[in-house]
Amino acid sequence: MLNFSRWKTLSILFAVLLGIIFSLPNVVSREVWSRLPLVSQLQPLVLGLDLQGGSHVLLEVDRTDLQNQLSRQFIGDIRQALREQRIAYSGLGRTANGVSVRISNPADVDRAMDALRPLSQPVSIGLFGEAASNEFNVRRDGNVIVFELTKAGLESKIGRAIQQSLEIIGKRVNALGTTEPTIQRQGVDRILIQVPGLQDPDRLKALLGQTAKLQFRLVCDSQPQAEGERPPLECEEVPDQDNAQQVMWVQTSSRATVDGEDLTDAQPTFDSRSNEPVVSFRFNQKGALRFGKLTQENVGRPFAIVLDNKVVSAPVINEPILGGTGQISGRFTTQEANDLAIVLRSGALPAKLTVVEERTVGPSLGSDSIRAGVFATIIGTIGVVLFMIIGYGFFGLIADLALFANLAMLVGLLSLLGATLTLPGIAGLLLTLGMAVDSNVLVFERIREEWRSGRSPVSAIETGFRAALATIVDANVTTFVAVAVLFGMGSGPVRGFAVTLGLGVITTVFTAFTLTRLIIAWWLWSYRPKEVPL
Amino acid sequence: MFQGIRFVPDDTKIPFMRYSRFGFFLSAFLCVSALLVFLIDGLNYGIDFKGGTLIEVRTHGGITIGDLRGRISGLELGEAELQEFGAPDNILIRLETQPGGDAAQTAAVSKATQALGKDVEIRRVELVGPKVSAELTQEGTIAVVLAIIMVLIYIWFRFEWQFGLGAVASLLHDVIITIGVLSILRIEFNLNIIAAILTIIGYSLNDTVVIYDRIREYLRKFKKMRYVDLIDGALNSTLARTVITGTSTLIALLALYVFGGEVIRGFTFTMIFGILIGTYSSVFVAAPVLIILGSVRETKAEAQKARP
């Protein structure tokens with residue numbers, strides 16, 4: 001136990017040295033560090049959002065909204081397919097879980113089934129992409145054909161919606177200009193966004209909360225005179241952006257509508273006459289053509305700019321807009337115009353996203369937490385170090401040396417892995433420190449027992465290490481098990497705590513069995529003590 | 001070469017097992033009371049498990065809790081709870097889960113932050129929707145149960161089944177009493193507390209395993225010794241280690257409790273309490289349980305005695 005081959009000694013010292021080097025970026029100031037050769041690339045620990053301040057927002061796809069959209073789209077497809085086949089139908093509409101249509105002539109039902117079945121496309125799921133089921137279950141009930149959205153169908157739609165949303169959200173969050181936001185999918189229908197150092201979480205949520213579905217729709221000739229009136233054919237009720245009580249009837253027919261999907265650019269500017277903030281936009285070729293035609297045919301009539309099913313404004317078309325550019329005004333503030341431009345540029349989200357969890361820490365609380373955490377760590381370390389010297393004297397010094405090596409290796413390892421340091425993580429660090437002495441205490445107590453039972457120093461130390469090894473491994477494996485569970489369930493800060501504590505267990509066992517042993521062996525061989533000072 | 005101070009004198013012979021019947025009564029009493037308190041009063045669940053919103057603000061220029069309550073109360077956001085947090089100008093505002101699903105929560109937060117006004121600094125906002133809080137509750141429960149089961153399995157493999165049961169009994173003891181104390185002191189029960197409880201499980205187990213290791217060693221070494229004396233011997237020979245490791249961990253935790261800031265005070269308090277109760281239970285629960293269950297050796301010995 002006490003003989004170390006040369007390469008073993010070197011590799012132990014090398015491991016400790018590496019730990020020290022990797023942990024140094026956390027201590028040395030950034031300016032000095034970045035000028036050093038070779039090691040300038042090494043990074044310090046990443047601070048968690050609770051320490052540097054920032055927002056953590058968990059979004060979830062609104063399933064009902066997505067289902068509504070799917071059904072609406074599917075109704076359109078059915079209408080078109082039946083028209084092409086010249087099959088008369090009535091009662092095409094939504095059911096609780098899909099769409100149903102009544103075929104007028106019973107003789108046509110079979111033909112209708114044949115025409116409609118291809119609309120329900122297979123969904124590939126599983127690793128090998130095998131088609132396990134279709135988007136819709138198609139069922140015939142007398143004259144009625146019923147389409148039910150399947151679970152796999154909905155899930156594949158959600159998956160696609162999440163994929164698209166990730167990209168769009170990325171554009172929107174990046175437009176805020178903060179450093180290194182992370183955006184990742186979580187579970188089936190969620191997206192996690194973490195933006196460090198954000199000052200205004202409300203603005204972030206406003207940017208994420210907008211689907212940004214933009215439409216230019218002709219206003220109907222007749223408008224509601226009294227509350228609760230039903231809109232005429234091919235018209236729809238849309239509330240005003242500022243006042244939900246005030247509604248406007250706008251046309252639903254696709255010929256009277258241009259979608260915002262064809263936008264290529266949107267920028268915040270100021271109106272040249274009124275000098276109020278507006279958003280100017282530009283269509284692609286297809287959009288420009290449609291928009292030109294719509295405005296040309298309807299000069300003198302008002303059209304409504306509808307954003308997320310709310311009327312932003314309804315200007316009158318003064319002249320045909322053929323150049324494919326235009327502007328949206330709507331009593332915006334400068335920031336509102338700016339944000340609207342951002343969401344329009346990034347494109348519309350495929351479905352509404354709701355915030356299901358938010359954790360924001362302001363920069364002042366973050367820096368307070370760091371200061372408190374660092375101070376507590378220093379005090380705690382001093383306390384533990386002194387306690388070991390009081391309790392074990394010379395051997396306590398050895399334990400303290402091992403403790404510093406342990407701390408350096410732990411911090412170095414965490415920095416190397418790019419782990420995030422959270423406030424509970426600092427707690428984990430300090431707790432590791434307190435518990436790390438345990439391995440040394442076990443060894444020392446054992447050596448002492450063996451020494452008192454009449455062995456020579458060498459033999460006592462030798463046996464002490466050997467006997468303590470099994471105990472240390474057993475004791476640390478159990479801690480590790482608890483930590484592993486913590487890591488598995490945890491998110492964010494709790495996980496940071498688990499990582500610190502878990503790695504701490506590893507470095508602790510390592511230092512106790514290599515460094516402490518090495519130092520004691522050196523002492524033993526160079527001083528040849530007659531007594532063990534324990 | 002200088003020596004340290006012995007915190008536990010050499011040749012300490014405390015008859016732990018003689019005291020253990022009192023320990024047993026005390027533990028049983030504490031566990032039952034803790035369970036009762038928990039059943040009657042419940043825990044002070046934080047928003048992680050209950051859902052809702054938490055806003056930490058710092059006020060400037062003499063704005064009082066009363067002022068803030070006035071600004072919030074007109075908003076019809078249900079019951080708002082305001083309390084001082086660490087310092088008189090640091091105030092914690094809790095809003096209950098708003099009716100109307102996840103979207104309503106976000107709306108409530110922006111309404112509240114706007115109403116608080118520009119002269120109040122918002123230091124922290126935490127919002128947990130009803131769905132997420134339900135999931136977190138489930139995950140937290142699973143984590144604690146899973147940790148206990150895994151530990152039982154590990155100890156069963158490494159030792160005999162009696163040891164496994166003893167370790168789990170002492171773990172349950174620690175967890176139940178800790179929860180009772182959290183309930184009495186109305187400490188906010190959140191995700192961090194779950195982390196603290198899992199750490200307590202780890203620590204208490206660590207302690208128990210060290211003692212069990214020694215008992216197992218003595219079982220091999222002293223084949224003739226009475227089981228009670230043997231366990232007493234093992235406890236006494238590991239006592240110095242139990243005390244020193246416990247103290248060193250407590251020193252670290254106390255530094256964190258005093259200087260680590262208000263945000264993790266509940267977390268460190270729980271751990272400090274857990275370390276104390278975990279150390280106690282390794283000696284007064286985990287070890288005596290072995291006597292009650294009867295050792296493997298004695299069952300074997302009796303079998304041998306029966307054989308003529």
Can you list which of the chymotrypsin sites (Phe, Trp or Tyr not before Pro) found in the range B:185-269 are DSSP loop residues with at most 16 other C-beta atoms within 10 Å? B:222
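Just the ratio, please: alpha-carbon radius of gyration of the range A:442-534 over 2.2 N^0.38 Å, N its number of residues.
Working: Rg = 17.1 Å, N = 93, 2.2 N^0.38 = 12.3 Å.
Ratio of Rg to 2.2 N^0.38 Å for the range A:442-534: 1.39.
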The value for the protein assembly as shown (convex hull of the alpha-carbon atoms, volume per residue, Å³) is 255
Among B:68, A:222, A:393, pick out the residue whose Cα is farthest towards the positive end of the charge dipole of the protein assembly as shown, where Lys and Arg carry +1 and Asp and Glu carry -1 on C-beta, about the Cα centre. A:393
Charge dipole magnitude, Cβ of K and R +1, D and E -1 - the range B:82-224, Cα centre, debye nearest 20: 780
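Do any GluC sites (Glu not before Pro) in the range A:136-235 lie in a DSSP loop with no more than 14 other beta carbon atoms within 10 Å, and if so, which?
Values: sites: A:148, A:155, A:167, A:227, A:229, A:234; in loops: A:227, A:229, A:234.
When the GluC sites (Glu not before Pro) of the range A:136-235 are filtered for loop state and at most 14 Cβ neighbours within 10 Å, A:227, A:229, A:234 remain.
Please compute the average number of Cβ atoms from other chains found within 10 Å of each residue's Cβ in peptide A:460-473.
On the way: counts 0, 0, 0, 0, 0, 0, 0, 3, 3, 0, 4, 11, 4, 3.
Whole-number average of other-chain Cβ neighbours for A:460-473 is 2.
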Per-peptide average of other Cβ atoms within 10 Å, ordering B:77-83, B:120-126 highest first: B:120-126, B:77-83
Once both axes come from the Cα atoms, what is the angle between helix A:394-416 and the longest principal axis of chain A, in degrees from 0 to 90, rounded to 10? 20
Can you sort A:316, A:109 by how many other beta carbons sit within 10 Å, fewest first? A:316, A:109
Highest mean first, what order results for B:94-107, A:202-215 on Cβ atoms within 10 Å? A:202-215, B:94-107
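About its Cα centre, what dipole magnitude does the range B:184-228 give when the only charges are +1 on Lys and Arg Cβ and -1 on Asp and Glu Cβ, stated in debye to the nearest 20?
Values: 8 positive and 4 negative charges, 120 e Å.
So the dipole magnitude of the range B:184-228 works out to roughly 580 debye.
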To make sure I understand, if each residue's beta carbon is the centre and we count other beta carbons within 10 Å, what order do B:161, A:33, A:7 fall in, fewest to most? A:7, B:161, A:33
Averaged over B:236-247, number of beta-carbon atoms from partner chains that fall within 10 Å: 5
Convert each backbone phi in the range A:225-237 into a coupling constant with the Karplus relation 6.51 cos²θ - 1.76 cosθ + 1.60 (shift: θ = phi - 60°), then list the ³J(HN,Hα) values in order as whole Hz, x for Gly and Pro. 9, 10, 5, x, 5, 8, x, x, 4, 6, 10, 9, 8
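Given A:352/B:111; A:157/A:310; A:157/A:352; A:310/B:131; B:50/B:118; A:171/B:131, which pairs have Cα atoms separated by over 18 Å? Before the final figure, lay out the partial values.
Working: A:352/B:111 21 Å; A:157/A:310 25 Å; A:157/A:352 13 Å; A:310/B:131 28 Å; B:50/B:118 29 Å; A:171/B:131 28 Å.
Where the Cα-Cα span goes over 18 Å, the pairs concerned are A:352/B:111; A:157/A:310; A:310/B:131; B:50/B:118; A:171/B:131.
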Packing rank of A:278-290, B:134-146, where each peptide gets the mean count of other beta carbons within 10 Å, highest leading: A:278-290, B:134-146
Take the range A:44-156, drop everything but the C-alpha atoms, weight them equally and run the Debye formula without solvent; then report log10 I(q)/I(0) at 0.16 Å⁻¹ to two decimals. -0.76
Note down the net charge around residue B:96, summing +1 for each Lys or Arg and -1 for each Asp or Glu among other residues with Cβ under 9 Å from its Cβ. 0
For a footprinting-style exposure proxy, rank B:225, A:388, B:271 by other Cβ within 10 Å, fewest first. B:225, A:388, B:271
List the lysines whose Cα lies under 16 Å from the Cα of residue A:286, skipping any in the same chain that are fewer than 8 positions away. none
With everything on Cα atoms, drop me the angle between helix B:265-281 and the longest principal axis of chain B, reported from 0 to 90° to the nearest 10. 10
The range B:36-100: chymotrypsin sites (Phe, Trp or Tyr not before Pro) in DSSP loop, at most 10 other beta carbons within 10 Å: none
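Counting Lys and Arg as +1 and Asp and Glu as -1, each charge on the Cβ, what is the dipole of the protein assembly as shown about the Cα centre in debye, to the nearest 20?
On the way: 78 positive and 79 negative charges, 627 e Å.
Dipole of the protein assembly as shown, to the nearest 20 debye: 3020 debye.
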Paired Rg and Dmax values of the range A:353-505, which use every Cα atom, in angstrom: 18.9, 73
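If you count, for every residue in B:46-55, the Cβ atoms of partner chains within 10 Å of its Cβ, what is the mean? Could you put the intermediate results ahead of the total?
Details: counts 0, 2, 3, 0, 0, 2, 0, 1, 1, 1.
Per-residue shielding by partner chains comes out at 1.
Every read-out reported here was derived from the displayed coordinates using simple, explicitly stated rules and does not represent laboratory data. What you see is a predicted model; the values in this text were computed from it and never measured. No Cβ is skipped: glycine too gets one built from the backbone with ideal geometry, and neighbour counts run over all protein chains shown.
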